[in-house]
Amino acid sequence: MANSAMTPSEATQEKEARPVFPFTAIVGQEEMKLALILNVIDPKIGGVMIMGDRGTGKSTTVRALVDLLPEIDVVANDPFNSDPYDPELMSTEVREATQNNSELDVVKAKITMVDLPLGATEDRVCGTIDIEKALTEGVKAFEPGLLAKANRGILYVDEVNLLDDHLVDVLLDSAASGWNTVEREGISISHPARFILVGSGNPEEGELRPQLLDRFGMHAQIGTVKEPDLRVKIVEQRALFDEEPVSFRNNYDQSQQALTDKIVAARNLLKDVQLDYDYRVKISQICSELNVDGLRGDIVTNRAALAICAFEGRTEVTPQDIYRVIPLCLRHRLRKDPLESIDSGDKVRDIFKEVFS
């Protein structure tokens, strides 16, 4: 397989042309940052729903995360960002080429982040089949959509609570199965669509339906920073970045690289991390006592606990690991009681303390 990549100077030029606020320079919002990092370490956690006030840096943080991630090998000029080595992440054409022992041109590419516009149609999201061409020329003429572009990347939906429920369903189905299938007039085309789904929204504009909310792996709640000192620091950081984005980014090169290395190490370590059987029973006991429907809550909490343990370079999950992730994994799965004043995250923590006491 031929290998080509961006030269260091080309990569620098690209960064300077579109500077992104550094992830490690973001002040506060630890819950959101942790949820995003854990999903990058183990995408099977199932994505993140970020709910919070306007102007709290939701979009900035997601873009900063993508900028942080290491480059991946992709097949050149392939609209699906096919992995040249993993058949599960290959388009049909690439898989056929590998089976025929054809040489693939492999390039290094940044992980893609696809923004889904609110007014997007299902055709724009899933792709379309040119029926006329298929019938007259006998070829499957497929025009890839946003799900194809998002394969092996991050799909970001701002104001996901305002998106049509049918489209949210389509996104969640693809995120869960890792495949997108388009069917028109008896013609069916499938392609890999394995991505991390990140949705954000403002609760004042309405919540997602519970059955859709439940399918997001984690739920991060963020609020406007209240401490005057922190607010001043955030404003100063933003002003410095807007004035001199390149030099501002340079100041964070070391911390950015250190975090990138830590994420890569965690991904490699993840398969060796152990979660004690007794702790798994207790996680399920918490889910049961909170009346969480289904088993998604148990599965996601297990995965998130393994991921945070790997992120910290350890191979044995501790109760503290579980305590840190379980509110993020369960709070959006609880049945809402309008008369309850207690925050759902606190409710999860209280039951945790009872079970693990």
Problem set entry | Peptides ranked, highest mean first, by Cβ atoms within 10 Å: ranges 321-327, 240-246, 214-220, 265-271 | 214-220, 321-327, 265-271, 240-246
Problem set entry | For residue 76, residues with placed amide H under 5 Å, excluding near neighbours | 105, 106, 107
Problem set entry | FRET E, pair residue 353, residue 188, Förster distance 45 Å, beta-carbon r, rounded to 0.05 | 0.30
Problem set entry | C-alpha center-to-center spacing [the stretch 60-109, the stretch 166-228] in angstrom | 22 Å
For this session: Looking at the chain, send over the antiparallel percent of its DSSP beta bridges, to the nearest 5.
Result: 40 percent
Exercise. Leaving out same-chain residues fewer than 8 places away, which lysines sit with a Cα under 28 Å from that of residue 262?
Worked result: 15, 33, 44, 58, 108, 110, 149, 233, 271
Exercise. Which order do peptides 30-36, 175-181, 192-198 fall in by mean Cβ count within 10 Å, highest first?
Worked result: 192-198, 30-36, 175-181
Seminar exercise, completed: Amide H proximity to residue 195 below 5 Å, modelled H, separation 5+ or other chain, gives 152
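Laboratory data are not the source of any read-out in this text; all were calculated from the coordinates shown. This one's a predicted model, so the numbers in the text were calculated from it and none came from an experiment. Cβ: placed from backbone, ideal geometry, glycine included. Neighbour counts: every protein chain shown.
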